[in-house]
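Beneath this line is the structure, given in structure tokens, with notes to follow.
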Amino acid sequence: MAGRIRILVPALCCCLFVLASCTSENDKPVAQTFSVWASLEDTGLQQLWLRVRLEDQSGNVPTGARVYLSDPQYAVQWVYFNSSTNLYESMVPKTQSGLYSVSVESIMGNAELSIPVIVLTETPDVIVIQDSSGVVAGQGNRVSSSRDISIAWREVTGSSVYICTVRASRGIVFSQSTIETSIRIPAATLSPAETCNVLVEAQYIAGDPYLRKENYYAFNYRESPTYYFTPD
């Protein structure tokens, strides 16, 4: 009986050594062998559309990765693969500004990508439509189409750019993007007695929409009410 004990003890120690070696080997981090891009874009329905693109070194799209998103309050939601677009996609409530983190775990390695987002909560309401002689549109007054016409609106906190668009029955007659809170329409751009409507859109943009210079893109917007005026 004593002899059998002396044989089993070294064998048991050997097994424990092997198991310990295997565990430490599996715990080693896997090097990342793929690229990841992500975008968060406003749908216009109080949601942000999250799209994540994964690509390995051969240009193939891994379909079995675990992808999840953490919002600025650290709430986590899974992001699932869409076979029709070859993207991991999910809808995110458009309620919080801050840093959104996309995490990817797969047999090819792990990755994390952060996307800064500012959710615009104000609208760029039009303040004044006025021609270069000082006449302000409204209350029976008409600006002159033969003069420069300026349009000014309220600043929206967090916006990157504004787009002011003027439409008439014949289509868009003027459109301009600016980082300022006003634009000037050159004289004779509008036609006399033609009713026009003005819409200002404030946009927040971060990253690169083409995902070349940056591996992320964020976009959301707010629109003003539509304003109507008829120049002379």
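Laboratory data are not the source of any read-out in this text; all were calculated from the coordinates shown. Nothing here was measured: the structure is a model prediction, and the numbers come from that model. Positions of Cβ are backbone-derived with ideal geometry, glycine not excepted, and every protein chain shown enters the neighbour counts.
In debye, nearest 20: dipole of region 126-229 around its Cα centre with unit charges on the Cβ of K, R (+) and D, E (-)?
160
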Expected vector for region 107-117, Karplus 3J(HN,Hα) from phi with 6.51, -1.76, 1.60 and θ = phi - 60°, integer Hz, x for Gly and Pro, equals 5, 8, x, 10, 8, 9, 9, 10, 10, x, 9
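Sequence gap at least 6, Cα distance under 8 Å: using those rules, report the relative contact order of region 34-117 to the nearest whole percent.
Values: 170 pairs, mean separation 24.8, N = 84.
Averaging sequence separation for qualifying contacts and normalising by length gives 30 percent for region 34-117.
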Length gained if SER35 through ALA188 is fully extended, taking 0.36 nm per residue and subtracting the Cα-Cα distance, is 49.9 nm
With DSSP loop assignment and no more than 12 other C-beta atoms within 10 Å, the trypsin sites (Lys or Arg not before Pro) in region 134-232 are ARG170, ARG212, LYS213
Farthest towards the positive end of the dipole of the chain, among GLY59, ALA202, TYR162 and with Cβ unit charges of +1 on Lys and Arg and -1 on Asp and Glu, lies the Cα of GLY59
To the nearest 0.05, the calculated FRET efficiency linking SER84 and SER132 through their beta-carbon distance, R0 being 35 Å, is 0.05
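Charges at C-beta only: +1 for Lys and Arg, -1 for Asp and Glu. How large is the resulting dipole of region 34-117 about its Cα centre, in Debye rounded to 20?
Dipole of region 34-117, to the nearest 20 debye: 80 debye.
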Expressed in nanometres to one decimal, the distance between label points 7 Å along Cα→Cβ at ASN60 and LEU45 is 3.5
Between the residues SER146, ILE185, PHE174, the Cα farthest towards the positive end of the dipole of region 126-229, that dipole coming from +1 and -1 charges on the beta-carbon of Lys, Arg, Asp and Glu, is from SER146
Loop-resident GluC sites (Glu not before Pro) in region 112-187 with no more than 15 other Cβ atoms inside 10 Å, DSSP not H/G/I/E/B, are GLU122, GLU155, GLU180
Rounded to 0.05, the calculated FRET efficiency for the beta carbons of SER146 and ILE205 at R₀ = 45 Å is 0.80
Relative contact order in percent for region 110-224 (Cα pairs under 8 Å, 6+ apart) equals 29
FRET efficiency for GLN139 and ILE118 from the Cβ-Cβ distance with R0 = 25 Å, rounded to 0.05, comes out at 0.10
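Placing +1 at every Lys and Arg Cβ and -1 at every Asp and Glu Cβ, with all other atoms neutral, what dipole size does the chain have around its Cα centre, in debye to the nearest 20?
Numbers: 16 positive and 22 negative charges, 108 e Å.
With Lys and Arg at +1 and Asp and Glu at -1, about 520 debye.
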